[in-house]
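K.L.:
One structure is given below, represented as structure tokens, and several questions about it will come after.
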Amino acid sequence: MRALMSDEPGGPETLQLLDVPEPVAAAGQILIAVKACGVNYPDLLMIQDLYQVKAPRPFAPGAEIAGVVTALGPDVTQFSVGDRVAARIGTGGMAEAVAVDVSRCAPIPDGMSFVDAAVTQFTFETALYALRNRAAVKPGETVLVLGAGGGVGIAAVQVGRNMGARVIAAASSEDKLAFARKHGAADGVLYPPSAPADRKAVSRQFKAALGAGADVVIDPVGGWLTDVAIRCVADGGRYVVLGFTAGIPSLPLNLPLLKNCDVLGVNWRAFTLTQAEAVHDNKRELMRWFAEGRLSSGITAEYALADGARAIQQLANRSAVGKIVVII
Ligand SMILES: NC(=O)c1ccc[n+]([C@@H]2O[C@H](COP(=O)([O-])OP(=O)(O)OC[C@H]3O[C@@H](n4cnc5c(N)ncnc54)[C@H](OP(=O)(O)O)[C@@H]3O)[C@@H](O)[C@H]2O)c1
């Protein structure tokens with residue numbers, strides 16, 4: 001089978017499309033012919049050896065897939081050959097086939113495309129875990145989403161809106177803000193692509209859009225923006241730490257004290273490994289919202305497997321808007 005392989009740590013240019021042996025479904029696994037693989041920022045971190053989880057090389061990047069079951073491992077009864085399934089897999093998705101533990105797989109609802117099924121796992125489940133299980137957002141609260149035009153960002157905008165929050169999007173380009181508004185943000189704030197000399201001016205812009213402040217901030221960006229955004233939290237608010245595309249910031253602890261606010265870490269992977277029932281509940285809620293037309297996968301670009309490196313490169317150079325998918 002063909003797979004886009006990482007043989008040595010490095011950027012997307014180090015990936016190679018190779019013929020490799022097809023995996024075999026072991027006990028408790030199914031073999032899936034991959035049809036679509038969502039592209040996520042951690043794919044970029046994984047191939048550079050910068051992610052908290054390291055995969056043994058060689059491996060293919062790609063953490064979320066959808067496809068068709070082509071073989072069952074010994075003792076597997078939950079699925080049949082021919083079933084349409086979606087799976088969270090960490091790595092291995094940018095390949096024609098992957099063997100996956102059944103605990104990581106779910107049937108694709110009738111009427112849902114492979115593309116939508118593939119890309120509505122990683123970012124949407126992370127966003128719902130962050131907003132529901134960690135921040136406990138209530139209807140009418142104001143949620144500020146940083147990097148709102150990215151994958152996690154656009155998912156958080158939509159999930160927040162579906163939970164009844166007033167969502168304010170923040171992003172580095174008008175295109176990304178327009179995309180977030182189209183997906184339910186009530187308002188948008190443009191921030192400069194890198195730290196400006198006058199950060200207080202950006203804080204003032206945020207405060208003007210937020211009014212009484214943000215009850216919840218969703219931060220998948222970090223870097224200089226964290227200091228600016230935490231100054232805009234309302235009394236008793238929650239600052240939700242999701243990721244660091246702009247770098248890992250240091251937080252002066254006088255700020256949570258002054259704001260009387262909580263700083264909440266989100267580790268969605270740990271959640272998926274330890275809280276099966278809650279993970280299942282969240283998945284069911286997302287599938288219901290999709291079926292009711294209340295969420296959109298936000299796809300703006302599709303790439304062939306041979307061009308998977310270019311797909312990851314779009315995240316590396318910050319040009320991706322919404323969600324990107326590799327079609328196999
Ligand atoms: N904690 C968890 O469990 C969890 C789960 C999933 C993902 N994540 C993390 O969430 C973050 C976002 O992932 P994603 O897949 O949504 O990524 P993405 O689609 O690439 O979006 C990330 C956004 O970060 C902003 N950004 C700022 N500086 C950047 C830079 N130097 N390079 C690239 N982007 C930059 C960009 O928005 P602007 O241009 O508008 O600033 C971009 O749209 C990642 O750090 C990922 O590891 C965490």
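K.L.:
Please go through the range 190-202 and give me each residue that is away from the ligand (no atom under 16 Å from the Cβ) and under 15 Å from Arg231 (Cβ atoms), ordered by number.
P.N.:
Asp198, Lys200, Ala201
K.L.:
Can you find a residue in the range 135-150 that is out of contact with any helix residue (DSSP H, G or I) (no Cβ under 7 Å at 6 or more places or on another chain) and outside any loop (DSSP other than H, G, I, E, B)?
P.N.:
The answer is no, given that none of the residues of the range 135-150 is out of contact with any helix residue (DSSP H, G or I) (no Cβ under 7 Å at 6 or more places or on another chain) and outside any loop (DSSP other than H, G, I, E, B).
K.L.:
Still on this structure, I have one more. Which residue out of Glu141, Glu125 is out of contact with any Phe, Trp or Tyr (no Cβ under 6 Å at 6 or more places or on another chain) and more than 15 Å from Arg88 (Cβ to Cβ)?
P.N.:
Matching residue, one of Glu141, Glu125: Glu141.
K.L.:
List every residue pair whose Cβ atoms sit under 8 Å apart, with the two residues 6 or more apart in sequence or on different chains, where the first one lies in the range 161-184 and is within 13 Å of the ligand (Cβ to nearest atom) and the second, anywhere, is modelled with pLDDT of 95 or more and of a type in the set (Ser, Thr, Tyr).
P.N.:
Once the first residue is within 13 Å of the ligand (Cβ to nearest atom) and sits in the range 161-184, its partners that are modelled with pLDDT of 95 or more and of a type in the set (Ser, Thr, Tyr) give Ala170/Tyr191; Ala171/Tyr191; Ser172/Tyr191; Phe179/Thr300.
K.L.:
Checking Ala155 against (1) in a helix (DSSP H, G or I); (2) out of contact with any Lys or Arg (no Cβ under 9 Å at 6 or more places or on another chain), only one condition comes out false. Which one?
P.N.:
Here Ala155 clears every test but (2).
K.L.:
Just checking, which of Ala320, Ala309, Ala301 is without any contact (Cβ under 8 Å) to a residue 40 or more places away in the chain and either surrounded by 15 or more Cβ atoms within 10 Å (Cβ to Cβ) or in a loop (DSSP other than H, G, I, E, B) (or both)?
P.N.:
Among Ala320, Ala309, Ala301, only Ala301 is without any contact (Cβ under 8 Å) to a residue 40 or more places away in the chain and either surrounded by 15 or more Cβ atoms within 10 Å (Cβ to Cβ) or in a loop (DSSP other than H, G, I, E, B) (or both).
K.L.:
Taking only the range 271-328 into account, find how many residues are charged (D, E, K, R), more than 12 Å from the ligand (Cβ to nearest atom) and within 15 Å of the chain's Cα centre (by Cα).
P.N.:
1
K.L.:
What strands (runs of 3 or more DSSP E) completely inside the range 1-116 contain at least 3 residues that are within 16 Å of the ligand (Cβ to nearest atom) and under 18 Å from the mean Cα position of the chain (by Cα)?
P.N.:
29-39
K.L.:
Do we find a residue being within 23 Å of the chain's Cα centre (by Cα) and crowded, with 18+ Cβ neighbours inside 10 Å anywhere in the range 251-263?
P.N.:
yes
K.L.:
Moving on to the next point. Give the residues of the range 150-165 that are under 19 Å from Tyr191 (Cβ atoms) and either among the β-branched types (Val, Ile, Thr) or surrounded by fewer than 24 Cβ atoms within 10 Å (Cβ to Cβ) (or both), sorted by residue number.
P.N.:
Val152, Ile154, Val157
K.L.:
Hey, can you tell me all the residues within the range 22-45 that are under 25 Å from Asn317 (Cβ atoms) and either crowded, with 24+ Cβ neighbours inside 10 Å or of a type in the set (Gly, Ala, Ser) (or both)?
P.N.:
Answer for the range 22-45, where residues must be under 25 Å from Asn317 (Cβ atoms) and either crowded, with 24+ Cβ neighbours inside 10 Å or of a type in the set (Gly, Ala, Ser) (or both): Ala36, Cys37, Gly38, Val39, Asn40, Asp43.
This table checks each residue for (1) farther than 27 Å from Gln121 by Cα; (2) within 9 Å of the ligand (Cβ to nearest atom).
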{"residue": "Val145", "(1), (2)": "no, no"}
{"residue": "Ile154", "(1), (2)": "no, yes"}
{"residue": "Val157", "(1), (2)": "no, no"}
{"residue": "Ala212", "(1), (2)": "yes, no"}
{"residue": "Val216", "(1), (2)": "no, no"}
{"residue": "Gly222", "(1), (2)": "no, yes"}
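Conditions (1) of a type outside the set (Gly, Ala, Ser); (2) free of Cβ contacts under 8 Å to residues at least 12 places away in the same chain; (3) outside the structural domain of Pro192 (by TED's automatic domain parsing), marked per residue:
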| site | (1), (2), (3) |
| --- | --- |
| Ile218 | yes, no, no |
| Ile230 | yes, no, no |
| Gly236 | no, no, no |
| Val240 | yes, no, no |
| Pro249 | yes, no, no |
| Asn260 | yes, no, no |
| Ala278 | no, no, yes |
| Asn282 | yes, no, yes |
| Arg288 | yes, yes, yes |
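The values are calculated or read from the model by the stated rules, or taken from the named source; none is laboratory data. The model shown is predicted, which means the values in this text are computed figures rather than measured ones. Backbone-built Cβ (ideal geometry, glycine too); neighbour counts: all protein chains shown.
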